[in-house]
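All remarks here apply to the structure that follows.
Derivation of every value follows stated rules applied to the coordinates shown; laboratory data play no part. None of the values given here were measured: they were computed from a predicted structure. Cβ: placed from backbone, ideal geometry, glycine included. Neighbour counts: every protein chain shown.
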Amino acid sequence: MANNTKRPQWRTAVEVAVISIVIYVALGAPGLSSLGPTNNENVKQSVPTARAKIESLVYPDETLSCPSHKYGVHVVTSEPLVLYIDGFLSGEEADYLVTQSQDKWQTSTIFNGGVETTDDKVRKSEKALIDRDDTVQCIEQRALAFQGWPAETFIERLWTQRYNVTGHYAYHYDWATASKISRRVSTFMVYLAADCEGGGTQFPKIARPKDARWCEFVDCSPEAEEGVTFKPRKGAAVFWSNFDAAGRGYKDTIHAGLPVTSGTKIGLNIWSWYQAGHSTPQGHISGPSTEHVA
Ligand SMILES: O=C(O)CCC(=O)C(=O)O
Ligand SMILES: [Fe+2]
């Protein structure tokens, strides 16, 4: 009788390898499309794990009729695309989001190797998860319309972020965790309250535009850090793309929230998330979620 109970060891190894590849591909080949830099110790991830992420994605109600809103767009650089949007939110909208944040502030977190943790040397601020009423969904709509309603692209639940004196966010990418099927495609960094000194959003690898008219929006002082520092300005937003057409994260989007030296700065993150295999808008991923994943 043939002995089938003992298979050669090499075959077991091949089977393990094949199964591993299948699992890797099923998970969206994490890391494959994000061929930018590997994170060094000073660059922390700000993107949480896949499941919590998907639960945090939303799509605004398309039947909602939103008031028309005008803003001014200025190109900082086209590769990577970085734009300055003056008046992206009205003063009333900014104040409303600050009011909505009251009683919701909690210590901001970072994601390190997929683990949520706090470290005030990296990120010192408080964040608040914003409920999705009509005003908020109209802001989500505006963010998607601005980008041309990209397919299979959702909005991450909105979070506000408050920095008091010494509050800051160390240099990081917003795109650290990415795969072929799943990634944070773009960022709007919106200023809701800007009664502060310091607190600029700093991009060391993006050149400051030369024209003196930019000095209204960026730090033109001799002490300004290398690159460009956007000044907190109520209602304004800095928008940038996190990935190139091949799905590679842009290294030049590394940025920081500089320390606030007096007063308070409040920001709003609007992140758009590409999730392949989910059509929009009919195939909403989920409704409001209580997951805390910013
Ligand atoms: O507050 C800022 O200026 C930057 C914030 C930021 O980069 C973030 O929340 O990811
Ligand atoms: Fe960021």
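Descriptive notes on the structure:
- Reachable aspartates and glutamates from Lys124, criterion Cα separation under 17 angstrom, eight or more residues apart if same chain: Glu116, Asp174, Glu197
- Here the Karplus curve 6.51 cos²θ - 1.76 cosθ + 1.60, taken at θ = phi - 60°, turns the phi angles of region 186-203 into couplings of 8, 10, 10, 9, 9, 9, 9, 9, 9, 7, 8, 9, x, x, x, 9, 10, 10 Hz, with x standing for Gly and Pro.
- Cross-linked pairs Lys104/Lys265; Lys180/Lys251; Lys127/Lys234; Lys127/Lys180; Lys121/Lys210: Cα-Cα separations exceed 26 Å for Lys127/Lys180; Lys121/Lys210.
- Computed FRET value (nearest 0.05) for Asp103 with Asn164, which takes r as the C-beta separation and R₀ as 25 Å: 0.90
- Projected label points at Asp211 and Ala245, each 7 Å from Cα along the beta carbon direction, are separated by 2.6 nanometres.
- HN-Hα J in Hz across region 59-70 - Karplus 6.51, -1.76, 1.60, θ = phi - 60°, x for Gly and Pro: 9, x, 4, 6, 7, 5, 9, 9, x, 6, 8, 9
- Paramagnetic label reach from Gln147 (point 7 Å along Cα→Cβ; backbone nitrogen cut-off under 11 Å): within region 179-201, residues 183-188.
- Ranked packing of 100-106, 172-178, 270-276, most packed first, by mean Cβ within 10 Å: 172-178, 270-276, 100-106
- Amide hydrogen neighbours beyond the local backbone of Asn242, cut-off 5 Å, H modeled: Ser186, Thr187
- Distance between the modelled labels on Glu197 and Thr117, one decimal in nanometres: 3.4 nm (7 Å Cα→Cβ projection).
- Nonlocal amide H pairs with Thr77, under 5 Å, H built at 1.01 Å: Val82
- Mean Cβ count within 10 Å, highest first, over the residues of peptides 252-258, 161-167: 252-258, 161-167
- Nonlocal amide H pairs with Ile206, under 5 Å, H built at 1.01 Å: Val228
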